[in-house]
Every structure is written in structure tokens, then in C-alpha cells.
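See structure below.
The values are calculated or read from the model by the stated rules, or taken from the named source; none is laboratory data. What you see is a predicted model; the values in this text were computed from it and never measured. Heads up, the Cβs are rebuilt from the backbone with ideal geometry, glycines too, and the neighbour counts pull from every protein chain shown. Surface areas here come from the heavy atoms of the whole protein model, side chains and all, with no ligands, DNA or RNA. Shrake-Rupley method; radii C 1.70, N 1.55, O 1.52, S 1.80 Å.
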Amino acid sequence: MPENDNAFQAALSLILSLDPVLLGIVTLSLQVSLSAVLVGALIGLPLGAALALWHFPGRGLAVTLLNAFMGLPPVVAGLMIYLLLSRAGPLGSLGLLFTPTAMIIAQTLLVLPIIAALTRDHIGALWEEYREQLHSLRIGRVRAMPGLLWDARFALMTVILAGFGRASAEVGAVLIVGGNIDGVTRVMTTAIALETSKGNLALALGLGLVLLGLVALVNGTAYVIGERARRRLG
Amino acid sequence: MTDLYHPGVPSGQPIWSPSAPLLKLKGLTYVHQDTVLLHEIDLQLARHGITLLLGPNGAGKSLLMRLAHGLIAPTSGDVIWHTQPDMPPLLQAMVFQHPVMLRRTALANLTYALAARRVPWRRRRALAMETLERFGLISLAQRQARVLSGGEQQRLALARAWVLKPEVLFLDEPTSALDPASMRAVEEAVHAFHAEGTRIVMSSHDLNQARRLADDVVLLCGGRLVEHTPAERFFQGPRTPEARAFIRGELIW
Ligand SMILES: Nc1ncnc2c1ncn2[C@@H]1O[C@H](COP(=O)(O)OP(=O)(O)O)[C@@H](O)[C@H]1O
Ligand SMILES: [Mg+2]
């Protein structure tokens, strides 16, 4: 395995020397996934809370759909956004296909159901607990919402991290709508796939290590938040 | 006909007077899945005092208070609060048997209640701290409310009701799971609320507690109102056999 040993050393030196190509790919990945998670949280948190608090016709269907979309295969999400943004599609005139914006949209589609569905679970449980007390304080559902989101903040942070984990690790969606264009839409996962097939193991492995570190960091953070919340809030 | 005319009172509206009852329950009935849990309760509570709601477990004490407080709607019957015309609804508060602690610090539990009553945020902290001090909780101000002991949580729930300055306070078995010291603290708080002019409706199955606190006693049994009497009369010689059995400590269902 001398060749792989060399690849590993080369990968480490790429990382340690802050290789501009590697750095560019990592930066774009973070920009895309963080943006998707931001948009997903801005929509998903209030959406999930609303689904927990209000009963309206079609609510059951909405919740079922949301849960089903939690398992949406990334390639299918990519395909849906591709059809939407392709030149012949309904939003084709925007010219967004094969841009980072398209990738953000596709990853938002992946992340939003996770954030909304898990938020609904957490806020629903909290509302069940608080309901009579808040009613006694004459606080309606609308006024209750910010407080509920705040009191569930630790759980919701791990929800958001779960969303970020899903976004940063997926290949299919960004590959289809981004096109893996060098220097424009190439992110860690798509670059790893391409460089491996080209035999450029050093860059692939270097990106793989960064991705691995990122995923470990996200999961570690989620664990620490969960433990802290358990200790502090009982 | 002239003697029936009351100037300034729209026809059909009850006439407010300071001696009129504060709360009237009229034929209050609550049915859950074909089971009648409360059976045509008729009850009038005077404007001032401490009413003790007595009765065995499952009699419907909690249910009656939740209906009166407006947390649930009756199947039939009315809850009528007699307030002065053109006045906002009475400020009410309730302390639950198992107090609901928000996942915040003890202090933040109080400031949240103050925010609910739209007290300007500048004044919330000082008011909350003052109240924590009064209830002997100042050293726990920054502690998470949910990790406090049962007695501390009950005192915090009372403090949270206190900052609301309620005109009516419902207390649902506030001492049922407490040690004697905590129980004494709760009863002192009840007296303090009473001294501030708060109308108190409190459930209990502790007769001694009722003797110490009650101005009048309402006895519920199996979802029916058995007796509503001034406390003194109730403990000297209750009118109904159920009440006599209850005082003797025989369980009635
Ligand atoms: N939300 C509810 N749904 C169904 N049954 C209830 C509900 N709340 C109370 N009950 C029933 O109503 C009866 C009276 O309950 P409760 O008012 O809690 O009694 P108490 O407070 O006097 O012990 C009990 O038999 C209880 O099981
Ligand atoms: Mg009860």
C-alpha cells in the first residue's frame, strides 16, 4: 500500500499547507450548507412550532408529508429542484441552475423537513406540559410561541445540527443541481467523488478528512449540548 | 313599573353591588365520554374570603376549579363572574397540584409571568426579585426551576401567582405532597394573599387545614355538590350525612 501511504501524507500536507484549491472547496461547502440550514431553520422552526400548536384541517396530512420528506433521497431532491430550475422548468428564467444558489435551494429542501418535523415533536411535548399554565396566564398560542422555542432551545440546537450534518454530507442533490463545476459549484462531497474516480487520491482523501472532522465536530457539539441541557434543566 | 327601572343599567344586565356574589356557577355540568364528572353544580361565592373545596379523591375538585378558572369549557351551565360594569375581567391566577415549572431559572419564571401581564420589562426584574425575597427563594433565583425540590417548586408557583397580583386565586391541593415546614409556608402564603384582598378558592382533602384556613366549605362527592356552609357551622354540625361521614374520616365515594 505504498501509494495509499503517499496519498495520506499528501492529503495531510494539503490540509496543513492550507492548499488554496482544497480551501476553496471547503469554504464553498460550508457556505452552501450553512445557508441551507439557516433558511431551513428560519422556515422550519416556526413551521414546526405552528404544526405543534394549531389544529387545522389537513394538519395530519402535512405532518405525514413532512415525516416522509425527512427520508427524501438527496438525488430525488436534486432532481425535483433540477426540474424546477431547468431552462424549460417553471423557474427556468431565473437562470439559477448550476449555481451555488441552486445548491442551497436543493439542500434546504433536504434540511427543512428534518428541522420542521423534529421541532414539531419538541414543541408539541413542551406545549403539552405548559398548556394549562400558559392558559392560566392568559397567554394564547401566538404569544406562547417565542417562549416555547426559547425553552426548547437546547433540543432545537441539536435539531439544527442534525440538519447541518445531513446537508454537508449529501452528494446527490448538489451534484445534480450544481453540476460539480470546478471553482464554481464544486463542494467537498462532489469533489471527493470526482477526484477519486480520476485517481487523485490525495485531494479526495484530504477533503474526506476535513469532512470527517466536520461531521465529528457537529456530532460532538450536539452531544455536549444535550448533556449540558440534561444536567442544567433536569 | 317605575320601581323596576334602574337608571344607567342596560336592561338584561345584572346590577352590580358590592354585596352581590363574586362568582356564580349555574347548573355547571361536565361530561367526558358519556361519564358525568360534574353534575349540575350550583354555587355562589361571596366577594371576600377563603373557600375550601373538600371531597375525596376523584370528587371533581380540580375539574370544578379548572372550569371556574376558564381552562376548560363546561358541557352545560354557566360560570358567571360578577364584576363592576365597564371593568376589565378579574385578574385570576391558579397554582396547580403539580406546578408547571418553565424550563428557565426561578427568576425567569417570575419575569415571564410579569411579561404575560404586560408589566414593562424595566420593572420586571426588581418586582421578581422582591417577590423571591418575600417567599424565601432569593438564594435560588438563578437556579433552574425544574431542579428545585417539591416544596421549593410549590413556593415558586405561589410566588409566580403573587407577582400577578390576582383578584382571585385558585389553589389545587397546594400542600398534598409537602413536608410540614413547606406546608406551613404555603398556608402563610395563603394568609398573605388573603390579607392583600385576594379571593381564594382552594381544594384540599386535609380537614385540619380546612379548619385553619376556611371561611366557608364546599363539599363535593362523586361530582355532586353536597354542601356549601360557613366553616364554623360545617365543623360543628354538618347538615348532610355525607359531610358527617367525611368529617369522621370515612371515605365516601
Ligand atoms: N380531562 C379528563 N378526562 C377524563 N376524565 C377526567 C379528566 N379530568 C378529570 N377526570 C375525572 O374526573 C373525576 C374528577 O377528577 P378531579 O377533578 O381531578 O378530582 P379531584 O381533584 O377531586 O381529586 C375523576 O374521576 C377523574 O378521573
Ligand atoms: Mg385534584
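Counting only other chains, and only Cβ atoms inside 10 Å, what mean value do you get across the residues of B:100-106?
The mean count of partner-chain Cβ atoms within 10 Å per residue comes to 6.
How would you classify chain B from its alpha-carbon gyration tensor, with a ≥ b ≥ c the square roots of the eigenvalues: rounded for a/c under 1.5, else prolate if a/b is greater than b/c, otherwise oblate? Each step should come with its number before you reach the end.
Working: a/c = 1.85, a/b = 1.21, b/c = 1.53.
Taking the square roots of the gyration eigenvalues as a ≥ b ≥ c, chain B is oblate.
Once neighbouring chains are kept in place and the probe is 1.4 Å, which whole percent of the accessible area of chain A is contributed by carbon and sulfur?
C and S atoms contribute 70 percent here.
Given Cα positions, please report Rg to Rh for the range B:41-93, the hydrodynamic radius being the Kirkwood one.
Over the Cα atoms of the range B:41-93, Rg/Rh equals 0.96.
Enter the mean number of other protein chain beta carbons within 10 Å of the beta carbon of each residue in A:128-135, as an integer.
Mean shielding by partner chains, rounded to a whole number: 5.
Could you derive backbone 3J(HN,Hα) for the range B:138-155 from the dihedral phi with the Karplus parameters 6.51, -1.76 and 1.60 (θ = phi - 60°), listing whole Hz in sequence and x where the residue is Gly or Pro?
Ordered by residue, 3J(HN,Hα) equals 4, 6, 9, 3, 8, 6, 5, 4, 6, 9, 6, 6, x, x, 5, 4, 5, 5 Hz.
What value in Å³ per residue do you get for the convex hull of the alpha-carbon atoms in the range B:127-219?
Working: hull volume 9.0 nm³, N = 93.
About 96 Å³ per residue, rounded to a whole number.
So what's the range A:2-233 giving for Cα Rg divided by 2.2 N^0.38 Å, two decimals?
1.17
Could you tell me which helices of chain A pass both thresholds, a Cα extent of 18 Å or more along their own axis and a mean Kyte-Doolittle hydropathy of at least 1.6, with helices taken as whole DSSP H runs?
Helix filter hits for chain A: A:20-53.
Just how large is the dipole of the protein assembly as shown about the Cα centre, in debye to the nearest 20, putting +1 at every Lys and Arg Cβ and -1 at every Asp and Glu Cβ?
Numbers: 43 positive and 35 negative charges, 157 e Å.
Charge dipole of the protein assembly as shown: 760 debye, to the nearest 20.
Rounded to the nearest 100 Å², what's the accessible area chains B and A bury against each other, both chains counted, probe 1.4 Å?
Working: alone 13670 and 12460 Å², together 24070 Å².
Accessible area lost upon association: around 2100 Å².
Taking only protein heavy atoms and a 1.4 Å probe, what accessible area per residue, in Å², does the range A:2-233 have with all protein chains in place?
Details: 11170 Å² over 232 residues.
Heavy-atom accessible area per residue stands at 48 Å².
Against the globular-protein guess of 2.2 N^0.38 Å, express the Cα radius of gyration of the range B:80-149 as a ratio, rounded to two decimals.
Taking the Cα Rg and dividing by 2.2 N^0.38 Å, one obtains 1.32.
Roughly how many Å² of A:THR158 are accessible to a 1.4 Å probe, to the nearest 10?
Around 40 Å² of this residue is reachable by solvent.
Sorting A:SER35, B:SER139, A:SER29 by accessible area (1.4 Å probe), largest first, what list results?
B:SER139, A:SER35, A:SER29
Report the percentage of all Cα-Cα pairs in the protein assembly as shown whose separation exceeds 34 Å, rounded to a whole percent.
Tail fraction, whole percent: 54.
At 10 °C and 1.306 mPa s, grab the translational diffusion coefficient of the range A:85-167 from Stokes-Einstein with a Kirkwood Rh over Cα pairs, rounded to a whole number in µm² per second.
105 µm²/s
Rounded to the nearest angstrom and ordered from largest down, what semi-axes does the equivalent ellipsoid of the range A:151-220 get from its C-alpha gyration tensor (root of 5λ)?
27, 15, 7
What ranking of B:PHE246, A:PHE8 comes out by heavy-atom accessible area, probe 1.4 Å, highest first? List each step's numbers first, then the result.
Working: B:PHE246 20, A:PHE8 95 Å².
Ranked from most to least accessible, the order is A:PHE8, B:PHE246.
Ignoring everything but the protein chains, give the 1.4 Å probe accessible area of B:LYS26 in square angstrom, nearest 10.
Roll a 1.4 Å probe over it and B:LYS26 shows about 100 Å².
Top mean-square fluctuation among B:GLN84, B:GLN209, B:GLN153, Gaussian network model of chain B, C-alpha springs under 10 Å?
B:GLN84
Okay, helix-only estimate at 222 nm for chain B: each DSSP H run of n ≥ 4 adds -39500 (n - 2.57), divide by all residues, round to 500 deg cm²/dmol; what do you get?
-10000 deg cm²/dmol
Measuring from a point 7 Å past the Cα of A:LEU94 along Cα-to-C-beta, which residues in the range A:147-189 have an amide N at less than 19 Å?
Label zone hits: A:173-180, A:185.
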